[in-house]
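The values are calculated or read from the model by the stated rules, or taken from the named source; none is laboratory data. All values reported here derive from a predicted model rather than from experimental measurement. Because the Cβ atoms are built from the backbone with ideal geometry, glycine has one as well, and the counts that use them run over all protein chains shown. Accessible surface is based on the protein model in full, side chains and every heavy atom, while ligands, DNA and RNA are left aside. Shrake-Rupley method; radii C 1.70, N 1.55, O 1.52, S 1.80 Å.
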Amino acid sequence: MKYILANWKMNVKKDDILAFIKKSKIKPKKTTYVGIAMPTIYMGYAEKLRKYSHIGVQDVCEYTNGAYTGCISAQMAKDVGAEFCLVGHSERRTHCNESNAKICEKIKRVQEQNMIPVLCIGESAEEYKDGTTNQVLAKQLAECLEGVDKYSQIIVAYEPVWAIGTGESANVYKIAEIVEFIKEQIKNILGESYPAIVLYGGSVNPENCANIARHSRADGVLVGGASLDSEKFNAIIKSFE
Ligand code: PGA
């Protein structure tokens with residue numbers, strides 16, 4: 001199975017979603033899991049996207065329910081039809097101060113609702129330059145996956161922070177090494193037989209996707225900017241089929 005996930009971030013309004021639906025010619029093969037992480041507030045449009053895509057959200061609160069003004073719980077996301085949830089995206093780590101411990105709680109809330117958590121990890125530009133990528137990833141994985149349910153599927157997206165939204169995607173052979181490293185770590189934490197699924201994200205576009213599909217060893221991609229255009233997103237889906 002290949003996983004091609006879109007992260008629409010805070011970049012769409014209802015007219016954009018309607019235009020995407022109108023233009024879209026997406027028809028994935030049965031062996032491709034297409035998913036769109038929508039802004040939760042627009043989940044009302046999910047039904048029209050479901051004929052070719054699974055629908056997810058971009059974040060949920062770490063608490064189950066209660067007096068948390070402005071927050072959206074995993075229960076609520078599930079209630080309006082979310083099937084998966086991005087957790088720990090670097091933009092949330094940076095702008096919303098999310099720690100690995102908080103991200104771990106979010107994964108647990110998502111699992112409790114039988115949704116698939118998509119855990120995002122990745123090193124910063126400085127960490128990349130310092131050569132500490134593997135240490136950073138190992139720490140993120142160990143702390144974010146501590147005590148999570150080993151019997152339900154978690155997807156991990158490797159997204160180097162310096163590659164997100166910059167147009168500068170990581171080298172495919174380097175991605176391949178890191179994907180293997182991440183899979184090893186996941187198996188160390190969740191068990192040798194755990195079906196580790198690792199995606200790559202960071203400036204994936206119709207120009208570089210074929211190379212990524214062929215050489216990166218990733219089980220798919222998490223796409224930001226290029227997923228907003230249904231033709232570009234479709235080209236990326238096709239390159240993995
Ligand atoms: P990008 O974003 O494809 O625009 O780099 C990827 C992401 O943030 O998930």
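Computed values, structure above
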| read-out | value |
| --- | --- |
| Normalised alpha carbon radius of gyration of the chain [divisor 2.2 N^0.38 Å] | 0.94 |
| Sites matching chymotrypsin sites (Phe, Trp or Tyr not before Pro) across region 130-207 that sit in DSSP coil, with at most 11 neighbouring C-beta atoms within 10 Å | Y151 |
| Value of Rg/Rh across region 10-102 [Cα atoms, Kirkwood radius] | 1.00 |
| Sparsely packed GluC sites (Glu not before Pro) within region 120-225, loop by DSSP, other Cβ within 10 Å at most 15 | E146, E168, E192, E207 |
| Average projection area in nm² (convex hull over Cα atoms of region 171-241, one quarter of hull surface) | 4.8 nm² |
| GNM top mover of G220, G201, G66 - the chain, alpha-carbon springs below 10 Å | G66 |
| Probe 1.4 Å, all protein chains present, accessible-area order of I41, I182, largest first | I41, I182 |
| Accessible area expressed per residue, region 63-131, with surrounding protein chains retained (probe 1.4 Å, Å²) | 50 Å² |
| Net charge dipole size for the chain [Lys, Arg +1 and Asp, Glu -1 on Cβ; Debye, nearest 20] | 1040 debye |
| Cα-only radius of gyration and Dmax that characterise region 56-140, units Å | 14.0, 44 |
| Convex hull per residue volume in Å³, alpha carbons only, for region 118-241 | 101 Å³ |
| Trypsin sites (Lys or Arg not before Pro) within region 147-241, DSSP loop, no more than 14 other Cβ atoms inside 10 Å | K150 |
| Accessible carbon and sulfur surface of region 1-95 relative to its total accessible area, %, 1.4 Å | 54 percent |
